[in-house]
Amino acid sequence: MSTNTIANEIGTSAASVSDMLKKLQEKELIKYKKYKGVELSKLGKNKAINILRKHRLWETFLVNKLGFNWGEVHDVAEQLEHIQSQELVNRLDIFLEHPKFDPHGEPIPTEEGKIPKTNTTPLNELQVNTKGMIMGVSLDDKDFLDYLTKLSITIGMKITLLEKISFDKSLSIKIENTKQHISNDVAKHLLIKTN
């Protein structure tokens with residue numbers, strides 16, 4: 001990935017990105033060659049997976065054990081992911097009974113760094129009469145998650161695609177035993193594991 005691509009993605013200057021990349025390279029977290037791009041080193045990948053593991057375990061704990069809404073947990077988990085105790089993270093994993101996915105349906109890496117596989121399809125890409133289960137979302141945005149909560153849509157619910165409306169690409173669905181109508185913008189971010 002080039003420095004310009006990174007700069008555009010995070011909304012900063014290419015010079016700022018270059019300075020940070022040099023610092024990360026000094027810590028051996030990346031492999032960086034000026035004008036050639038950057039990639040994570042083995043050490044960098046391991047550290048990134050470890051942070052991801054901690055973040056997703058904390059999100060799971062906050063939702064499942066402390067009753068947080070799935071739209072509120074990202075910022076809190078971002079603070080907790082920086083706790084350095086590996087023993088605490090391992091005990092948290094045991095306490096949560098080794099969850100494979102966080103409240104948003106994202107895979108939680110194992111202690112060994114293995115990432116569980118998931119086979120999902122966006123709801124709007126399914127055929128009419130397809131049944132499945134909501135396994136996650138592809139948009140981790142508080143407003144979106146709050147809207148799903150308002151619609152009483154969450155991970156683990158059984159869903160059936162009843163109809164695709166050609167006029168506006170909206171969908172008629174049945175979640176558990178309730179019929180609903182949702183927009184294509186909502187449907188494209190709901191990840192479904194089919195039966």
Task: Matching residues, segment 139-195, being closer than 18 Å to Leu126 by Cα, surrounded by fewer than 16 Cβ atoms within 10 Å (Cβ to Cβ) and of a type in the set (Val, Ile, Thr) - done: Ile165, Thr194
- [ ] Might you let me know whether segment 111-120 holds any residue that is assigned to a loop (DSSP other than H, G, I, E, B), modelled with pLDDT of 95 or more and outside the structural domain of Leu139 (by TED's automatic domain parsing)?
- [x] no
Open item on the list: Given the criteria at pLDDT below 95, more than 21 Å from Ile175 (Cα to Cα) and not in a helix (DSSP H, G or I), does Ile134 qualify?
Closed with: no
- [ ] Kindly indicate whether Asn8 is free of Cβ contacts under 8 Å to residues at least 60 places away in the same chain, surrounded by 12 or more Cβ atoms within 10 Å (Cβ to Cβ) and farther than 30 Å from Lys150 by Cβ.
- [x] yes
TODO: Determine if segment 175-182 includes at least one residue that is within 23 Å of Glu72 (Cα to Cα) and part of a loop (DSSP other than H, G, I, E, B).
DONE: no
Task: Contacts under 9 angstrom Cβ, first residue in segment 103-122 being in contact (Cβ under 8 Å) with a residue 40 or more places away in the chain and at positive phi, partner crowded, with 19+ Cβ neighbours inside 10 Å and in a loop (DSSP other than H, G, I, E, B), 6 or more apart - done: Gly105/Ile155
Open item on the list: Given the criterion part of a loop (DSSP other than H, G, I, E, B), of a type in the set (S, T, N, Q) and closer than 22 Å to Asn46 by Cβ, identify the matching residue among Gln127, Gln84.
Closed with: Gln84
Open item on the list: Quick check on segment 68-100: of everything there that is among the β-branched types (Val, Ile, Thr) and closer than 21 Å to Leu139 by Cβ, which residue is modelled with the lowest pLDDT?
Closed with: Val73
TODO: Please specify each residue of segment 17-67 satisfying the condition of being modelled with pLDDT under 90, assigned to a loop (DSSP other than H, G, I, E, B) and of a type in the set (D, E, K, R).
DONE: Lys34, Lys36
Task: Criterion (on the phi < 0 side of the Ramachandran plot, in contact with a strand residue (DSSP E or B) (Cβ under 6 Å, 6 or more places away or on another chain) and not in a strand (DSSP E or B)) met by exactly one of Ile159, Ile155 - done: Ile155
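Residue by residue, here is whether (1) loosely packed, with under 13 Cβ neighbours inside 10 Å; (2) touching a strand residue (DSSP E or B) at 6+ places or on another chain (Cβ under 9 Å); (3) charged (D, E, K, R); (4) within 25 Å of Ile182 (Cα to Cα) holds:
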{"site": "Ile49", "(1), (2), (3), (4)": "no, no, no, no"}
{"site": "His55", "(1), (2), (3), (4)": "no, no, no, no"}
{"site": "Phe61", "(1), (2), (3), (4)": "no, no, no, no"}
{"site": "Asn64", "(1), (2), (3), (4)": "no, no, no, no"}
{"site": "Glu87", "(1), (2), (3), (4)": "yes, no, yes, no"}
{"site": "Gly113", "(1), (2), (3), (4)": "no, no, no, no"}
{"site": "Pro116", "(1), (2), (3), (4)": "yes, yes, no, no"}
{"site": "Lys131", "(1), (2), (3), (4)": "no, yes, yes, yes"}
Open item on the list: Residue pairs, Cβ under 8 Å, 6 or more apart or interchain, first in segment 71-92 and within 28 Å of Phe144 (Cα to Cα), second of a type in the set (S, T, N, Q) and surrounded by 11 or more Cβ atoms within 10 Å (Cβ to Cβ). List them.
Closed with: Gly71/Thr149
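The values are calculated or read from the model by the stated rules, or taken from the named source; none is laboratory data. Given the structure is predicted, the values throughout are model-derived calculations rather than measurements. Using ideal geometry, Cβ is built from the backbone for each residue, glycine included, and neighbour counts are taken over all protein chains shown.
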